[in-house]
Amino acid sequence: MSTLLRKLQQQPLSTGVTLLHEVNQDNSPLHYVGFKMIDIEPGATYSESLGEIECCIVAVTGKITVSDHEQTFTGVGTRTSVFEKKPTDSVYISNDRSFTITAETMARVALCYSPSLVQRATRLILASENSVEHRGKYNNQRLVHNILPDSDDSVNSLLVVEVITESANWSSYPPHKHDVDQLPAESLLEETYYHEIDPAQGFVFQRVYTDDRSLDETMAVEHRNVVIVPAGYHPVGVPDGYTSYYLNVMAGPKRIWKFHNDPDHEWILQR
Ligand SMILES: O=C(O)C[C@@H](O)[C@H](O)C(=O)CO
């Protein structure tokens, strides 16, 4: 059984709030990345007090109000499905603050965490501020929405990105890794993948492997599963007929995304 693949859980937290995933230091091998996915029914609220962690609240679908109890942002969120293939709004909350999310419509909300000590300003990250990239060619094409890229220095640790991969294409490919703190060649960033698939009965394959194969897991990933990438290369292959969405959270000792391609497969970039 895979140790890196997390199936959907359905844990009621309070009236109208369901926890679907929780990845933290106690239940995973990760030290820098934490992740929760919650569904919130209209009118229901979810609150949290952050300790020495920062949080990026992503309105994956639906509309929410987010308050840090000093500022309140209403109408956060832009879409009813991730497969509308347009960016969404997010809110960044710094360490040692608290927040309340109220769902204005049925909402699916990702909470992306990483250790953080120095307080930063709360920030509404508008969908229009996401840089949008079309990466790759041939069967390696994907659409990327950068929510918190490393070029944005308004946060301490978190990197957050959405990727849409069309039917019969690959992403996070050629396989790359970022598991050694050895800049400028490579940075150490742990990562989580929250996957959605259209139509929902589909699946994708994700392999997580290291050069020495001490870690080598190939997973059949279904709609709304999470894959944990503590280390290693982590390509995703999408079967014909299905479209893949995933939300990546990355963090590590330095906030730089500097990856290393698997030399065996890097040649595909030369075509
Ligand atoms: O370009 C892609 O295919 C997306 C990946 O880079 C993905 O965000 C990732 O693997 C980050 O390390």
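Yes or no: the range 123-142 includes at least one residue that is closer than 15 Å to Ile256 by Cα and of a type in the set (A, V, I, L, M). Checking the range 123-142: not a single residue is closer than 15 Å to Ile256 by Cα and of a type in the set (A, V, I, L, M).
Remark: pairs (first residue in the range 158-174, assigned to a loop (DSSP other than H, G, I, E, B); second residue more than 10 Å from the ligand (Cβ to nearest atom) and of a type in the set (Ser, Thr, Tyr); Cβ separation under 7 Å; 6+ apart in sequence or on different chains) = Leu158/Ser114; Glu166/Thr243; Ser167/Tyr242; Ser167/Thr243.
Of the residues Ser94, Ser98, Ser116, Ser49, which is open to solvent by less than 40 Å² (accessible area, probe 1.4 Å), more than 20 Å from Ile147 (Cβ to Cβ) and among the polar types (S, T, N, Q)? Give the steps one after another, and end with the answer.
Numbers: Ser94 fails: more than 20 Å from Ile147 (Cβ to Cβ); Ser116 fails: more than 20 Å from Ile147 (Cβ to Cβ); Ser49 fails: open to solvent by less than 40 Å² (accessible area, probe 1.4 Å).
Going through Ser94, Ser98, Ser116, Ser49 in turn, just one is open to solvent by less than 40 Å² (accessible area, probe 1.4 Å), more than 20 Å from Ile147 (Cβ to Cβ) and among the polar types (S, T, N, Q): Ser98.
Go through the range 234-268 and count every residue that is part of a strand (DSSP E or B), β-branched (Val, Ile, Thr) and touching a Leu at 6+ places or on another chain (Cβ under 8 Å). Steps first, answer last, please.
Here is the first cut: in the range 234-268, the ones part of a strand (DSSP E or B) are 236-237, 243-251, 260-261.
If we keep only those that are β-branched (Val, Ile, Thr) as well, we get 236, 243, 249.
Going one step further and asking which of them are touching a Leu at 6+ places or on another chain (Cβ under 8 Å), we end up with 249.
Qualifying residue count, the range 234-268: 1.
So, Val132, is that one within 13 Å of the ligand (Cβ to nearest atom), surrounded by fewer than 18 Cβ atoms within 10 Å (Cβ to Cβ), among the β-branched types (Val, Ile, Thr) and not in a loop (DSSP other than H, G, I, E, B) or not? When the stated conditions are applied, Val132 passes them. Does His234 qualify as being within 14 Å of the ligand (Cβ to nearest atom), at negative phi and either acidic (Asp, Glu) or surrounded by fewer than 16 Cβ atoms within 10 Å (Cβ to Cβ) (or both)? No, not satisfied.
Within the range 237-251, if we keep just the residues that are open to solvent by less than 10 Å² (accessible area, probe 1.4 Å) and aromatic (Phe, Trp, Tyr), the residue that is farthest from the ligand (Cβ to nearest atom) turns out to be Tyr245. When the range 182-201 is limited to residues that are closer than 15 Å to His260 by Cα and among the acidic types (Asp, Glu), the one that is nearest to the ligand (Cβ to nearest atom) turns out to be Glu191. Among the residues of the range 1-40, those identified as touching a residue at least 24 places away in the same chain (Cβ under 8 Å), within 26 Å of Ser116 (Cα to Cα), assigned to a strand (DSSP E or B) and open to solvent by less than 60 Å² (accessible area, probe 1.4 Å) are Arg6, Leu20, His21, Val23, Gly34, Phe35, Lys36, Met37, Ile38, Asp39. Is it fair to say Val118 is β-branched (Val, Ile, Thr) and assigned to a loop (DSSP other than H, G, I, E, B)? For Val118, the condition - β-branched (Val, Ile, Thr) and assigned to a loop (DSSP other than H, G, I, E, B) - is met.
Of the residues Asp179, Asp152, Asp216, the single one that is open to solvent by 60 Å² or more (accessible area, probe 1.4 Å) and at pLDDT 95 or above is Asp216. Of all residues assigned to the range 211-225, none qualifies as being in a strand (DSSP E or B), within 16 Å of the ligand (Cβ to nearest atom) and under 19 Å from Leu143 (Cα atoms).
The values are calculated or read from the model by the stated rules, or taken from the named source; none is laboratory data. Just so we're clear, the structure is a prediction, and the values are computed from it rather than from any experiment. Virtual Cβ from ideal backbone geometry, glycine too; neighbours counted across all protein chains shown. SASA here: full protein model, heavy atoms, side chains in, ligands and nucleic acids out. Shrake-Rupley method; radii C 1.70, N 1.55, O 1.52, S 1.80 Å.
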